[in-house]
Amino acid sequence: MFTSFLRNEIKNGGETGNFNFDWSFFLYIDLFSQVDGYLKGDYTIYIYGSELDDLPFATLISNPVGIEANRDISADDEIWDLEGSVADHLRNSSSYRKYMEADWLLNKYNFVRLYPVRAKSADIFDGKFLGFGNSVFLKTGLNDLPNVREEIEFLALASQSKKSIFFDEDASKENFIKMSEKNYERLAIATHSVEPFWNGLTTEPALIFNDSHKDFILSASEISTMDINSDMTILSVCNSDMTDFNAIYKSFLVAGSNSVIYTHWGVEDEAASKLTGDFFKRLWFDPEMKKHVALRKAILEMKSDLNDEKFAHPAFWGNFSLAYSSIN
């Protein structure tokens, strides 16, 4: 419940400029304060297990905002019921300065998801990049995604490759299954995802490929039975905040991908482009840099961008996560 509330507050705050600092701090006190007190920062935290899959830990704050600095707050305090101007101030603040000065856990730690299904990572690949982008949905009633082509082409260029890109009618489930068997170092998919029992067509969370074809739904269990030996899968998927989306990113790890980059909720186009651009640039200039290190550095730079203050809000950076199938 608390996690869902915070996620919704963050998502909505991207449009309103507000952020519920008290909820963020409460979850920190309840879930991470003891760990923080022991480690005191500068660590990579590997999160294993499904109970906290939906919580973007990086968006928690380790100190209260707008509350007296000398007040001792425990996990038992109902800080979301604060009365008076302080509570109103916390709930309605849109101050850029507060976002910049907040003690985000991202500033101290790197949070990485771990779903250990492989003893050793794949390291030999047949090609650099495979991209699938579906922008038009004629039969399903889903909204079109007009920026898909530009996004996939950019990711291909950032991966030093423009080969093996499939758009719209060519972005079929059949083509994806066939091409993904060739072991590309990077795999990018931009399309819609749907929840279990969507339109009575699937009992699982699934990806939607071009619906001009008869069979266009690729379920999580189908993905998990595929042979996808890639170093990194990038899921730029609309509706990623849906129920059980975690089954989709995990299915790519089971299928053989060393890592998956995914989002906890819908991606804002400008933020996604800015972040992925910086991320891939860092890997380009320093191939030995760990992916989770490059992603965190890119997020830290984006949220501190003085040229566009909106990126300081966690709605634009808190949704990006990286998961590994192995820590080797």
- [ ] Could you list, in sequence order, all residues of segment 177-209 that are open to solvent by 10 Å² or more (accessible area, probe 1.4 Å), under 19 Å from D144 (Cα atoms) and not aromatic (F, W, Y)?
- [x] E195, N199
Open item on the list: Condition first: outside any helix (DSSP H, G or I), surrounded by fewer than 17 Cβ atoms within 10 Å (Cβ to Cβ) and at pLDDT 85 or above. Can you find one or more residues in segment 129-138 that meet it?
Closed with: yes
Task: Cross-chain or 6+ apart pairs with Cβ under 6 Å, segment 265-277 first and touching a residue at least 12 places away in the same chain (Cβ under 8 Å) and over 19 Å from S159 (Cα atoms), then of a type in the set (S, T, N, Q) and open to solvent by less than 40 Å² (accessible area, probe 1.4 Å) - done: W265/N319
Task: For I234: the one exception among (1) surrounded by fewer than 20 Cβ atoms within 10 Å (Cβ to Cβ); (2) under 16 Å from A188 (Cβ atoms); (3) modelled with pLDDT of 85 or more - done: (1)
- [ ] Within segment 1-56, work out how many residues are under 17 Å from F320 (Cβ atoms) and among the aliphatic types (A, V, I, L, M).
- [x] 6
Open item on the list: Just to be sure before I move on: is R113 open to solvent by less than 40 Å² (accessible area, probe 1.4 Å), of a type in the set (K, R) and touching a strand residue (DSSP E or B) at 6+ places or on another chain (Cβ under 6 Å) in the structure I sent?
Closed with: yes
TODO: Evaluate segment 29-37: report whether one residue or more is open to solvent by less than 10 Å² (accessible area, probe 1.4 Å), of a type in the set (A, V, I, L, M, F, W, C) and more than 18 Å from N110 (Cβ to Cβ).
DONE: no
Open item on the list: If I go through segment 14-47 residue by residue, how many of them are among the small types (G, A, S), farther than 13 Å from P64 by Cβ, assigned to a helix (DSSP H, G or I) and within 21 Å of the chain's Cα centre (by Cα)?
Closed with: 1
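The values are calculated or read from the model by the stated rules, or taken from the named source; none is laboratory data. In this text the structure is predicted, and so the values were computed from the model without any measurement. A quick note on method: Cβ atoms are made from the backbone with ideal geometry, for glycine too, and the neighbour counts reach across all protein chains shown. These area figures cover heavy atoms from the full protein model, side chains too; ligands, DNA and RNA do not enter into them. Shrake-Rupley method; radii C 1.70, N 1.55, O 1.52, S 1.80 Å.
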